[in-house]
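Participant: Quick one: the structure is below, questions incoming.
Just so it is clear, none of the values below were taken in a lab; they were calculated from the coordinates. This is a predicted model, so every value here is computed, not measured. As a convention, Cβ positions derive from the backbone with ideal geometry for all residues, glycine included, and neighbour counts pool all protein chains shown.
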Amino acid sequence: MSIDQDSAAKVAKLARIRVEEDALPALASEFNTILGFIEQLNEVDVADVEPMTSVTPMRLKRRPDIVTDGGRPDKILSNAPDAREGFFAVPKVVE
Amino acid sequence: MSELNKLGLAEARDALRRGETTSLELTEACLGAIQDAGALNAFVHHTPEIAIERARAADARIGAGDAPAMCGLPIGIKDLFCTRGVPSQAASRILEGFVPEYESTVSQQLADAGAVMLGKLNMDEFAMGSSNETSTYGNAINPWRRGNDDAALTPGGSSGGSAAAVAADLCLAATGTDTGGSIRQPAAFTGITGIKPTYGRCSRWGIIAFASSLDQAGPMTKSVRDAAIMLGAMCGHDAKDSTSADLPVPDFEALLSGDIRGRRIGIPREYRMDGMPARIERLWTDGADMLRDAGAEIVDISLPHTKYALPAYYVIAPAEASSNLARYDGVRYGHRAALARGDGITEMYEKTRAEGFGHEVQRRVMIGTYVLSAGFYDAYYNRARKVRTLIRRDFENVFASGIDAILTPATPSAAFGLGEMTDADPVRMYLNDVFTVTVNLAGLPGISVPAGVDEQGLPLGLQLIGRPWEEGDLLNTAYALETAAGFVAKPGKWW
């Protein structure tokens with residue numbers, strides 16, 4: 001599989017990273033180098049192999065479904081680039 | 001006592017308990033060494049006020065007869081750990097100005113154990129890199145040089161600042177994190193010891209996430225004994241990390257007998273790579289001889305899927321990174337791009353992430369996005385996870401056959417020059433992790449121990465890989481190797 005400029009632009013869009021038009025050829029070429037390296041995985045017979053989903057086999061702990069934290073909006077907002085009246089502020093989303 | 005910053009954790013602890021020095025003296029010696037070492041660019045946020053305050057508190061505790069494991073010992077903290085009230089930005093521009101309101105579990109446990117934080121340490125951006133060249137703070141510099149050549153060398157990565165700081169005696173020890181080799185490779189490049197424990201030993205809570213199924217914290221120290229002391233303080237169950245193991249933490253230091261008689265040490269034939277430098281090959285053979293002389297049995301073993309570890313890693317780690325780094329969008333913390341008239345929220349996301357993330361991070365986020373995208377998920381991501389199952393099974397089979405630990409080189413070369421890999425394709429840089437990445441994929445403990453120097457006087461490390469949860473036994477084997485190797489070289493001070 002190889003990635004052309006259009007696919008590279010699509011990936012950048014999905015990742016929400018602005019990539020200027022003139023940077024796309026180099027980006028596509030880097031993707032192809034890395035994907036070429038990854039292609040080696042096709043040599044491995046993975047029939048009947050389960051994908052690894054948990055690093056150490058363990059049953060996740062459970063706890064009562066109750067609120068254990070919260071009630072500190074000032075701290076939550078203290079690092080926000082733009083916070084107003086107790087909310088995160090962003091550019092207009094809905095017309 | 002002179003040059004207190006040159007002490008290790010165990011020596012300093014013993015001196016404190018004997019009343020021969022104070023934490024304040026130790027801390028001031030380190031702060032002085034840090035001030036003189038700007039050229040190494042290891043410490044990137046300095047916290048002398050916190051250090052002095054904690055040192056005084058530690059001296060009071062020691063005076064009152066209450067001295068926990070790390071009491072009064074000055075250490076550095078990798079910038080990946082969130083530290084309350086102190087900038088924590090994963091060496092990324094996108095977290096510029098971020099000052100956490102909370103403390104990571106590991107750094108809190110170290111503080112509770114009396115450790116003195118000197119400041120935050122340089123690293124690759126979001127721990128993505130093997131040379132500390134992707135940091136927004138600029139390169140950290142290795143205190144080691146090739147003979148009399150003054151070319152600047154990489155301390156390795158991603159925990160490059162931690163490695164440089166410990167090797168240059170700016171602190172007694174430091175925290176690191178390891179996703180594909182980021183503790184062990186820089187430890188090997190700087191002649192120090194670094195251990196990545198079993199996945200789940202150290203809480204990941206409050207450590208800025210890169211690839212959550214691979215990330216583990218660990219200590220970077222001047223000796224195996226120091227690693228045992230500091231690891232014990234860092235480990236333990238934490239309800240705030242769902243993958244944290246609820247297992248007792250042994251007294252690792254008490255397990256250091258150096259007696260490895262009857263231990264079976266595996267030498268994996270697949271790690272004998274084409275083009276491996278003769279010096280690395282000899283170091284590996286010498287290491288096996290040392291363990292044999294100490295009474296261990298050396299056994300040839302096979303880990304047949306080794307070759308596929310790096311390609312599997314470079315699917316899984318970017319996939320997890322693309323999810324984890326989605327949170328940096330200019331809304332809740334860190335950098336937000338200046339917007340043009342008429343820009344909406346999509347432009348805010350795209351411009352913020354383009355400005356805030358460096359090149360390597362952008363590349364990995366996009367690769368991760370691609371392998372997770374519709375139509376490619378099975379071909380790349382699921383296949384990589386199946387290969388991961390096979391890689392773990394290789395280790396399980398070897399351990400089930402009675403192998404106690406596995407000996408390999410830590411890195412395929414000694415430290416290389418900063419800038420030397422700039423024009424190489426990204427895959428060449430990825431090869432640095434060829435011996436370490438399997439351990440993260442399988443979730444096992446691994447330790448790098450300095451074992452020799454190359455023709456130019458640069459340190460080289462050997463890696464030991466242990467059974468899950470048996471860091472105590474692994475540290476003891478490493479202790480025997482350390483004793484036999486007798487590595488005492490230090491970099492000459494030029495900075």
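Participant: B:Gly119's amide H: which non-local residues (gap 5+, or another chain) put their own amide H closer than 5 Å, with H modeled 1.01 Å from N in plane and none for Pro or chain starts?
Facilitator: Result for B:Gly119 returns B:Thr47, B:Ile77.
Participant: Size of segment B:42-182 along its principal axes in angstrom, Cα-based, largest extent first?
Facilitator: 49, 37, 26
Participant: Against the 2.2 N^0.38 Å scaling, with N counting residues, where does segment B:251-340 land? I'd like the Cα-based Rg ratio to two decimal places. Numbers along the way, then the final one.
Facilitator: Details: Rg = 22.5 Å, N = 90, 2.2 N^0.38 = 12.2 Å.
My calculation over the Cα atoms of segment B:251-340 gives 1.85.
Participant: Which of the chymotrypsin sites (Phe, Trp or Tyr not before Pro) across segment B:323-427 are loop residues per DSSP, with 10 or fewer other Cβ within 10 Å?
Facilitator: On the way: sites: B:Tyr328, B:Tyr333, B:Tyr349, B:Phe357, B:Tyr370, B:Phe376, B:Tyr377, B:Tyr380, B:Tyr381, B:Phe395, B:Phe399, B:Phe416; in loops: B:Tyr328, B:Tyr333, B:Phe357, B:Phe376, B:Phe416.
For chymotrypsin sites (Phe, Trp or Tyr not before Pro) across segment B:323-427 that sit outside H, G, I, E and B with at most 10 neighbouring Cβ atoms in 10 Å, the list is empty.
Participant: Express in % the proportion of alpha carbon pairs of segment B:151-282 at distances exceeding 23 Å.
Facilitator: Details: 3724 of 8646 pairs.
The proportion of pairs with Cα distances above 23 Å equals 43 percent.
Participant: Please list B:172-179, B:449-456 highest first by mean number of surrounding beta-carbon atoms within 10 Å per residue.
Facilitator: B:172-179, B:449-456
Participant: Given 0.36 nm per residue, what is the gain on full extension from B:Val427 to B:Arg341 after removing their alpha carbon distance, in nm? Walk me through the intermediate numbers first.
Facilitator: Details: separation 86, 0.36 × 86 = 30.96 nm, distance 4.04 nm.
Contour length minus the Cα-Cα distance gives 26.9 nm.
Participant: To continue, here is another question. If one puts a single equal scatterer on every Cα of segment B:367-454 and applies the Debye formula without solvent, what log₁₀ I(q)/I(0) results at q = 0.19 Å⁻¹?
Facilitator: -1.06
Participant: Something else about it: Over segment B:160-199, what number does the Rg to Rh ratio reach, with both radii from the alpha-carbon atoms and Rh per Kirkwood? Please report the intermediate quantities before stating the final value.
Facilitator: On the way: Rg = 9.4 Å, Rh = 10.0 Å.
Here the Rg-to-Rh quotient is 0.94.
Participant: Given axes a ≥ b ≥ c from the Cα gyration tensor, I'd like to know whether segment B:358-409 is rounded (a/c under 1.5), prolate (a/b larger than b/c) or oblate. Display every interim value, and only then the final one.
Facilitator: Numbers: a/c = 6.58, a/b = 1.93, b/c = 3.41.
Because a/c hits 1.5 or more and a/b fails to exceed b/c, segment B:358-409 counts as oblate.
Participant: Within 10 Å, at most 11 other Cβ atoms, and a DSSP state outside H, G, I, E, B define an exposed site. Report the longest part of chain B free of exposed trypsin sites (Lys or Arg not before Pro). Write down the numbers at each step before the final one.
Facilitator: Values: sites that count: B:Arg18, B:Arg261, B:Arg341, B:Lys493.
Result, exposed sites excluded: B:19-260.
Participant: Divide by every residue of chain B the summed helix terms, -39500 (n - 2.57) for each DSSP H run of at least 4, and state the resulting mean residue ellipticity at 222 nm, rounded to the nearest 500 deg cm²/dmol. Intermediate results must be reported in sequence, preceding the final value.
Facilitator: Details: 15 runs with 174 residues, N = 495.
Taking each H run of at least 4 residues, the total per residue is -11000 deg cm²/dmol.
Participant: Cα-based Rg of chain B per 2.2 N^0.38 Å, rounded to two decimals? Could the numbers behind the result be given before it?
Facilitator: Values: Rg = 21.4 Å, N = 495, 2.2 N^0.38 = 23.2 Å.
Ratio of Rg to 2.2 N^0.38 Å for chain B: 0.92.
Participant: Do you know the relative contact order of chain B, to the nearest whole percent, from alpha carbon pairs under 8 angstrom that are 6+ apart? Kindly include the intermediate steps, with their values, before the conclusion.
Facilitator: Values: 1206 pairs, mean separation 89.5, N = 495.
It rounds to 18 percent for chain B.
Participant: List the GluC sites (Glu not before Pro) in segment B:14-51 that DSSP assigns to loop (not H, G, I, E or B) and whose Cβ has at most 13 other Cβ atoms within 10 Å. Which are they? Could you put the intermediate results ahead of the total?
Facilitator: Working: sites: B:Glu20, B:Glu25, B:Glu28, B:Glu49; in loops: B:Glu20.
For GluC sites (Glu not before Pro) across segment B:14-51 that sit outside H, G, I, E and B with at most 13 neighbouring Cβ atoms in 10 Å, the list reads B:Glu20.
Participant: Also, I was wondering about something else. Count the net charge of all other residues whose Cβ sits under 14 Å from the Cβ of B:Leu390, scoring Lys and Arg as +1 and Asp and Glu as -1.
Facilitator: On the way: positive: B:Lys307, B:Arg383, B:Arg385, B:Lys386, B:Arg388, B:Arg392, B:Arg393; negative: A:Glu43, A:Asp45, A:Asp48, A:Glu50, B:Glu270, B:Asp394, B:Glu396.
In short, 0.
Participant: Take every Cα pair under 8 Å in segment B:339-495 that's 6+ residues apart, average their separations, divide by the length, and report that relative contact order as a whole percent.
Facilitator: Working: 136 pairs, mean separation 29.4, N = 157.
Taking the mean separation of contacting Cα pairs over the length of segment B:339-495, I get 19 percent.
Participant: While we're looking at this one, here's another question. What is the mean number of Cβ atoms from other protein chains located within 10 Å of the Cβ atom of each residue in peptide A:4-12, rounded to a whole number? Numbers along the way, then the final one.
Facilitator: Details: counts 0, 0, 0, 2, 2, 0, 3, 9, 8.
Average neighbour count from other chains, rounded to a whole number: 3.
Participant: Hey, what angle do you get for helix A:5-14 against the long axis of chain A, alpha-carbon based, 0 to 90 degrees rounded to 10?
Facilitator: 20
Participant: For the protein assembly as shown, just the Cα atoms, rotate onto the principal axes and tell me the three extents in Å, largest first.
Facilitator: Ordered largest first, the protein assembly as shown gives principal extents of 71, 58, 56 Å.
Participant: With θ set to phi - 60°, apply the Karplus curve 6.51 cos²θ - 1.76 cosθ + 1.60 along segment B:40-57 and write out the HN-Hα couplings as whole Hz, x wherever there is a Gly or Pro.
Facilitator: Once θ is set to phi - 60°, the couplings for segment B:40-57 become 7, 6, 8, 7, 10, 10, 9, 10, x, 5, 4, 4, 5, 5, 5, 5, 5, 4 Hz.
Participant: Whole-Hz ³J(HN,Hα) for each residue in segment B:222-235, computed from phi via Karplus 6.51 cos²θ - 1.76 cosθ + 1.60 with θ = phi - 60°, x for glycine and proline: what do you get?
Facilitator: Each residue's phi maps through the Karplus curve to give 8, 7, 5, 4, 4, 4, 5, 5, 6, 4, x, 6, 8, 7 Hz.
Participant: What is the sum of charges, Lys and Arg at +1 and Asp and Glu at -1, for the other residues whose Cβ falls under 11 Å from the Cβ of B:Lys490?
Facilitator: Combined, the nearby Lys, Arg, Asp and Glu give +2.
Participant: Now, a different point. For segment B:316-342 and segment B:242-309, write down the distance between their C-alpha centroids in whole Å.
Facilitator: Here the two parts' Cα centres lie 40 Å apart.
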